[in-house]
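Asks: Got a structure for you, written out below as structure tokens; questions coming shortly.
The values are calculated or read from the model by the stated rules, or taken from the named source; none is laboratory data. As the structure is a computational prediction, the values presented were derived from the model and not from experiment. Because the Cβ atoms are built from the backbone with ideal geometry, glycine has one as well, and the counts that use them run over all protein chains shown.
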Amino acid sequence: MVKIKIKQFKKTFSNLLIGVPSSSEASFAIFTCIWVLTFAYRILLMMSLYTNPVKPFDFYPASHPLWLISTHFIYDLPFAFACFLLAWLLSRVRCFSEKTKIFPFLKISGFFFLHLFLFALPLTHGAHLRLLFDAQTGLDSSMIMEAFINVSPMGLIRFVEWKDYIFLLLPIGLFWLILCIPRDWKIWMVWVQIASLIFLSSVLILMANNKKDHGPSEIRFNPAIFLLSDFMENVLIQHASEDRSVKIGSEGESGLQTTGIFYKNQIKTIKYLPPKTPHPWNIVIFIMESVGTRYMFDTTYGNRMPMPFLHKISKEGWHLKRHHTTSNISTKAIFSLFSGLYDFFSRETFGIRSDVRVPSIYNLLTENYDSFLVTPSSISWYFPTAFVKNGGFPEVHSYENLNFKIKEEFHSLGRYIARDEIQTIDFFLQRLNKAREPFLGIYISFTAHLPYFDYGPQYHIMENDGRAISRYYNNLNLLDHMINRIYDHLKNHGLLERTILVIVGDHGQAFGQHHSDNYMHHRYSYNENLETPAIIYQPALFKPKAFEWPTSHVDLLPTLLDAMRIPFSPDLFDGESLFQNRLKRKYLFFYGHEECITCLDTNLIKVQYSLKKNRCWAFDLKRDPDEKNPLDCSLYEPQFEALRKFVSYHNAILIMYNEGMKERMRSSGKEAR
């Protein structure tokens with residue numbers, strides 16, 4: 001009896017195994033393709049984690065590679081089974097539609113979308129893997145949006161190497177191979193998959209309480225699941241938002257600057273302007289990409305100070321010790337530096353609009369300045385190009401037209417994003433030699449931006465151990481040397497005494513503070529993401545002074561205009577000149593790319609609101625400078641209301657100002673200066 005039951009069980013199980021591949025040949029082939037693809041992805045990911053000097057989010061796996069592959073492969077199984085179930089259900093629909101007139105259309109459409117899916121799947125996995133090591137992020141909806149906005153289709157194709165095409169075509173080739181092989185082979189494949197599933201389930205049980213290698217979700221989750229969940233959260237799910245409709249401006253307001261007791265202290269200020277000079281001033285603006293205030297003089301790792309020269313001249317000029325960017329992304333931050341205005345408080349960037357015509361620093365200088373901008377990086381990635389070019393800025397040298405060698409260490413995308421920093425500084429110094437006074441020379445660095453290329457041991461102040469923070473500090477030291485070279489060049493050529501030197505970061509940089517995925521700058525709006533240095537050096541105009549109160553990018557342009565005694569209307573800037581005994585404003589505002597808006601008052605109360613999550617919180621930075629203890633937003637209701645109202649009307653006012661400038665240019669017959 002027992003033998004008969006065993007035989008019956010074997011026969012039933014054998015029929016089940018046969019039925020799995022035969023019930024829907026295409027569904028089984030899809031499941032096997034995804035199984036193989038995701039396993040190949042896990043192998044490539046683990047190989048990179050153990051061999052690549054750049055670790056995403058500084059994640060150093062502690063387990064054996066095979067063990068780690070097994071534990072992380074668990075996260076791919078739900079996706080594989082979901083695709084199999086969906087494909088099987090669609091195959092059942094076919095049975096009911098074979099006799100209908102639309103069946104040929106459905107068949108052709110199904111064939112097309114199946115192959116599109118099989119191509120998109122490895123593309124998603126490959127792009128996610130590349131981004132993990134090249135950009136400290138995964139493939140999400142914002143990365144896709146940014147790529148399509150800032151990079152041309154041909155530029156995207158350039159990122160795909162010949163070996164990537166093998167990976168991209170793997171599922172399609174495997175799909176047709178599985179369809180064509182004999183049924184016995186398919187049954188063998190079912191056995192292998194069942195054995196693998198039993199093994200992985202055992203691993204999951206064993207690792208249930210082991211969080212030793214519990215890395216960020218970008219590493220653990222399947223790339224397709226990660227992308228879909230992000231798309232659902234940030235694109236499809238619409239949170240109920242409060243009514244932000246307020247009157248644009250109010251009675252008595254003019255220009256762009258907020259007025260009234262809601263935003264301004266009703267006080268009289270006194271300006272203390274420097275003396276007039278018989279000569280116009282040269283200006284050199286050095287914008288340090290991704291340099292955070294907390295790092296440049298830091299020695300807590302037992303290292304030498306990363307930027308000793310900058311530390312020296314910070315004591316000889318104006319040092320804005322609590323300076324902030326206006327946004328945690330470069331495009332908006334640089335727009336504010338050049339215009340004295342906040343960019344849009346939304347994902348859209350005003351500075352890249354083709355119709356932008358608001359004045360920049362170049363338009364506001366009264367003399368005929370010899371103006372030029374130099375950067376080793378590609379301006380298509382991070383720069384408000386339309387704003388600068390529409391303003392008539394005459395000369396831009398960037399990755400696109402500088403014929404220098406390209407840094408490729410560490411980074412498969414290196415040859416697409418930056419020229420050699422040292423050679424680019426050499427070019428900038430040569431351009432200074434040719435400059436006609438007065439000149440406006442702008443340099444935007446790249447070296448402190450990921451992937452932190454290694455420029456050699458002469459710039460090492462920390463061991464080159466592969467940690468992101470070590471490479472970053474070494475590159476801050478390189479950056480300090482480059483600033484020193486510019487200073488010495490101006491001094492040796494007799495230009496320093498007639499030149500204002502502005503050294504400022506575009507935004508901060510994060511290395512895992514607060515959240516395991518808070519790397520780079522654009523994911524959160526904590527102080528490490530927003531605080532950035534600002535130093536203005538010219539002894540004749542800026543006597544040594546340390547500013548302990550909050551300042552912003554929008555303050556720098558009106559401050560420079562006051563220093564050079566160039567008249568301007570304060571109402572046409574969001575910032576204030578710092579040549580005052582005190583500032584009238586109550587608040588600074590910030591826009592975070594993660595869709596968080598922030599308001600900081602003069603007492604260092606920081607109120608934040610997530611547009612995406614419809615949630616508000618606050619920090620008292622005097623008592624809690626590390627932002628460890630979020631407070632109830634209701635404690636600061638007036639400040640939150642000021643933030644809410646400002647964000648609701650700022651974009652509209654900026655557009656109105658831009659339309660007014662366009663109309664003025666049309667009436668004067670000018671498109672740009």
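Asks: Can you confirm whether LEU450 is under 27 Å from the mean Cα position of the chain (by Cα), modelled with pLDDT of 95 or more, under 18 Å from ARG419 (Cβ atoms) and surrounded by 17 or more Cβ atoms within 10 Å (Cβ to Cβ)?
Replies: Working: under 27 Å from the mean Cα position of the chain (by Cα): yes; modelled with pLDDT of 95 or more: no; under 18 Å from ARG419 (Cβ atoms): yes; surrounded by 17 or more Cβ atoms within 10 Å (Cβ to Cβ): yes.
No: the conditions fail for LEU450.
The rows are residues; the columns are (1) among the acidic types (Asp, Glu); (2) surrounded by fewer than 17 Cβ atoms within 10 Å (Cβ to Cβ); (3) modelled with pLDDT of 75 or more.
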| residue | (1), (2), (3) |
| --- | --- |
| SER48 | no, yes, yes |
| THR51 | no, yes, yes |
| PHE57 | no, no, yes |
| HIS64 | no, yes, no |
| TYR75 | no, no, yes |
| LYS99 | no, yes, no |
| ILE102 | no, yes, no |
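Asks: Working only within the stretch 365-376, note down all residues that are out of contact with any Ser or Thr (no Cβ under 7 Å at 6 or more places or on another chain) and surrounded by 20 or more Cβ atoms within 10 Å (Cβ to Cβ).
Replies: Keep residues of the stretch 365-376 that are out of contact with any Ser or Thr (no Cβ under 7 Å at 6 or more places or on another chain), which gives 365-373.
The answer is LEU365, TYR369, SER371, PHE372, LEU373.
Asks: All but one of (1) assigned to a loop (DSSP other than H, G, I, E, B); (2) free of Cβ contacts under 8 Å to residues at least 24 places away in the same chain hold for GLN430, so report the exception by its number.
Replies: Failing condition for GLN430: (1).
Matching residues to (1) crowded, with 17+ Cβ neighbours inside 10 Å; (2) touching a residue at least 24 places away in the same chain (Cβ under 8 Å); (3) among the aromatic types (Phe, Trp, Tyr):
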position: CYS616; (1), (2), (3): yes, yes, no
position: LYS622; (1), (2), (3): no, no, no
position: LYS628; (1), (2), (3): no, no, no
position: PHE640; (1), (2), (3): yes, yes, yes
position: VAL647; (1), (2), (3): yes, yes, no
position: ILE653; (1), (2), (3): yes, yes, no
position: MET656; (1), (2), (3): no, yes, no
position: GLU659; (1), (2), (3): no, no, no
position: ARG666; (1), (2), (3): no, no, no
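Asks: Right, next: Looking at (1) in contact with a Gly (Cβ under 9 Å, 6 or more places away or on another chain); (2) closer than 30 Å to ARG565 by Cβ, which is the one condition that is false for ASN658?
Replies: (1)
Asks: Taking the options LEU557, LEU541, name whichever one is in a helix (DSSP H, G or I) and either of a type outside the set (Ser, Thr, Tyr) or in contact with a strand residue (DSSP E or B) (Cβ under 6 Å, 6 or more places away or on another chain) (or both). Talk me through it step by step, then tell me what you get.
Replies: Details: LEU541 fails: in a helix (DSSP H, G or I).
Just a single option satisfies the conditions, and that option is LEU557.
Asks: So which of SER380, SER354 is within 16 Å of the chain's Cα centre (by Cα), of a type in the set (Gly, Ala, Ser) and either surrounded by fewer than 22 Cβ atoms within 10 Å (Cβ to Cβ) or more than 22 Å from ALA652 (Cα to Cα) (or both)? Even if it seems obvious, please write down each step before you answer.
Replies: Working: SER354 fails: within 16 Å of the chain's Cα centre (by Cα).
Answer to the selection: SER380.
Asks: For the condition assigned to a strand (DSSP E or B), in contact with a strand residue (DSSP E or B) (Cβ under 9 Å, 6 or more places away or on another chain), β-branched (Val, Ile, Thr) and touching a residue at least 40 places away in the same chain (Cβ under 8 Å), what is the one hit in ILE536, ILE483? Steps first, answer last, please.
Replies: Working: ILE483 fails: assigned to a strand (DSSP E or B).
Residue meeting the stated conditions: ILE536.
Asks: Here's a follow-up. Could you tell me whether the stretch 169-189 includes any residue that is acidic (Asp, Glu), in a helix (DSSP H, G or I) and either over 26 Å from the mean Cα position of the chain (by Cα) or modelled with pLDDT of 75 or more (or both)?
Replies: We begin by selecting, within the stretch 169-189, every residue acidic (Asp, Glu); these are 184.
Going one step further and asking which of them are in a helix (DSSP H, G or I), we end up with 184.
From what's left, either over 26 Å from the mean Cα position of the chain (by Cα) or modelled with pLDDT of 75 or more (or both): 184.
Yes - at least one qualifying residue is present in the stretch 169-189.
Asks: Scan the stretch 168-190 for residues that are β-branched (Val, Ile, Thr) and in contact with an Asp or Glu (Cβ under 9 Å, 6 or more places away or on another chain) and jot them down. Full working, then the answer.
Replies: Our first condition is that a residue be β-branched (Val, Ile, Thr); within the stretch 168-190, this holds for 172, 178, 181, 187, 190.
Scanning the stretch 168-190 gives a single hit, ILE178.
Asks: Considering only residues that are assigned to a loop (DSSP other than H, G, I, E, B) and in contact with a strand residue (DSSP E or B) (Cβ under 6 Å, 6 or more places away or on another chain), look in the stretch 304-325 and name the one that is surrounded by the fewest Cβ atoms within 10 Å (Cβ to Cβ). Before the answer, list the steps.
Replies: We begin by selecting, within the stretch 304-325, every residue assigned to a loop (DSSP other than H, G, I, E, B); these are 304-307, 315-317, 321-322, 325.
Pick out the ones that are also in contact with a strand residue (DSSP E or B) (Cβ under 6 Å, 6 or more places away or on another chain) and you get 317, 321.
Details: GLY317: 20, LYS321: 16.
By that ranking, first place goes to LYS321.
Asks: How many residues are in a helix (DSSP H, G or I) and more than 29 Å from the chain's Cα centre (by Cα) if we restrict to the stretch 48-67? Even if it seems obvious, please write down each step before you answer.
Replies: Taking the stretch 48-67 as the starting set, the residues that turn out to be in a helix (DSSP H, G or I) are 48-51, 56-58, 65-67.
Now narrow it down to the ones that are more than 29 Å from the chain's Cα centre (by Cα): 65-67.
Here the count works out to 3.
Asks: Then there's this: Out of the stretch 591-630, which residues are hydrophobic (A, V, I, L, M, F, W, C) and either in contact with a Cys (Cβ under 8 Å, 6 or more places away or on another chain) or outside the structural domain of MET520 (by TED's automatic domain parsing) (or both)? Show your work before the answer.
Replies: Step one: list which residues in the stretch 591-630 are hydrophobic (A, V, I, L, M, F, W, C), which gives 596-597, 599-600, 604-605, 607, 611, 616-619, 621.
Those that are hydrophobic (A, V, I, L, M, F, W, C) and either in contact with a Cys (Cβ under 8 Å, 6 or more places away or on another chain) or outside the structural domain of MET520 (by TED's automatic domain parsing) (or both): VAL607, LEU611, CYS616, TRP617, ALA618.
Here's the yes/no breakdown for (1) within 24 Å of the chain's Cα centre (by Cα); (2) of a type in the set (A, V, I, L, M); (3) farther than 15 Å from ILE444 by Cα:
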site: TYR473; (1), (2), (3): yes, no, yes
site: ASN477; (1), (2), (3): yes, no, yes
site: MET482; (1), (2), (3): no, yes, no
site: GLY494; (1), (2), (3): no, no, yes
site: THR499; (1), (2), (3): no, no, yes
site: ASP506; (1), (2), (3): yes, no, no
site: HIS514; (1), (2), (3): yes, no, yes
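Asks: Condition (residue is in the same structural domain as PHE297 (by TED's automatic domain parsing), out of contact with any helix residue (DSSP H, G or I) (no Cβ under 8 Å at 6 or more places or on another chain), under 26 Å from SER610 (Cβ atoms) and buried (at least 22 other Cβ atoms within 10 Å of the Cβ)) applied to the stretch 515-523: is it met by at least one residue? Don't jump to the end; show me each part of the working.
Replies: Within the stretch 515-523, the subset in the same structural domain as PHE297 (by TED's automatic domain parsing) is 515-523.
Filter once more, so that each one left must be out of contact with any helix residue (DSSP H, G or I) (no Cβ under 8 Å at 6 or more places or on another chain): 515.
Those left that are additionally under 26 Å from SER610 (Cβ atoms): 515.
Then keep just the ones that are buried (at least 22 other Cβ atoms within 10 Å of the Cβ); that gives none.
No.
Asks: Of all residues being touching a strand residue (DSSP E or B) at 6+ places or on another chain (Cβ under 9 Å) and over 27 Å from MET656 (Cα atoms) in the stretch 579-600, which is modelled with the highest pLDDT? Just the residue, please.
Replies: PHE579
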